[in-house]
Amino acid sequence: MTPDPQRIEQLARRRAKAKLGWFIHAAVYAAVNLGLIAVSVASGKHWAIFPLLGWGLGLAFHGAAVWLLQPGGDLLEHLVERERSKLATSAAKGDKW
């Protein structure tokens, strides 16, 4: 089966946009948190760790979705293939899903 060039282009653009979105998110995270750290240190209190950690967790989840679970990604394809094999084995045994 030959891959459809239009589908490849569509998937490539979608994946590139997702990665660019993560890079923008990471840049905003760095800029804002550097400013918050500067204000925190200048005030003599170290409260900036809380937004740094909270937003950092969100950035990590965003990164996992973009880099690990992207459409057409290796991890996703591996999981789909594994489920496909399990279903085919069950069907061959006569089991119903």
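Among residues of the range 20-40 that are in contact (Cβ under 8 Å) with a residue 12 or more places away in the chain and farther than 15 Å from residue 60 by Cβ, those with a beta-carbon under 7 Å from a residue that is surrounded by 11 or more Cβ atoms within 10 Å (Cβ to Cβ) and among the aliphatic types (A, V, I, L, M) at least six positions away or on a different chain give the pairs 36/48; 37/48. Considering the range 53-72, the residues that are in a loop (DSSP other than H, G, I, E, B) and either among the acidic types (Asp, Glu) or in contact (Cβ under 8 Å) with a residue 12 or more places away in the chain (or both) include one that is farthest from residue 29 (Cα to Cα), namely 72. Considering (1) part of a helix (DSSP H, G or I); (2) at pLDDT below 95; (3) among the hydrophobic types (A, V, I, L, M, F, W, C), the lone condition that residue 1 does not fulfil carries the number (1). Is it the case that residue 64 is surrounded by 10 or more Cβ atoms within 10 Å (Cβ to Cβ), out of contact with any strand residue (DSSP E or B) (no Cβ under 7 Å at 6 or more places or on another chain) and farther than 20 Å from residue 13 by Cβ? Yes; evaluated as a whole, the condition is true for this residue.
Residue by residue, here is whether (1) surrounded by 12 or more Cβ atoms within 10 Å (Cβ to Cβ); (2) in a helix (DSSP H, G or I) holds:
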{"residue": "11", "(1), (2)": "yes, yes"}
{"residue": "17", "(1), (2)": "no, yes"}
{"residue": "20", "(1), (2)": "no, yes"}
{"residue": "26", "(1), (2)": "yes, yes"}
{"residue": "30", "(1), (2)": "no, yes"}
{"residue": "35", "(1), (2)": "no, yes"}
{"residue": "38", "(1), (2)": "no, yes"}
{"residue": "45", "(1), (2)": "no, no"}
{"residue": "51", "(1), (2)": "yes, yes"}
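The values are calculated or read from the model by the stated rules, or taken from the named source; none is laboratory data. Remember, it's a predicted structure, so these values are computed and weren't measured experimentally. Please note: Cβ atoms are built from the backbone with ideal geometry, for glycine as well, and neighbour counts cover all protein chains shown.
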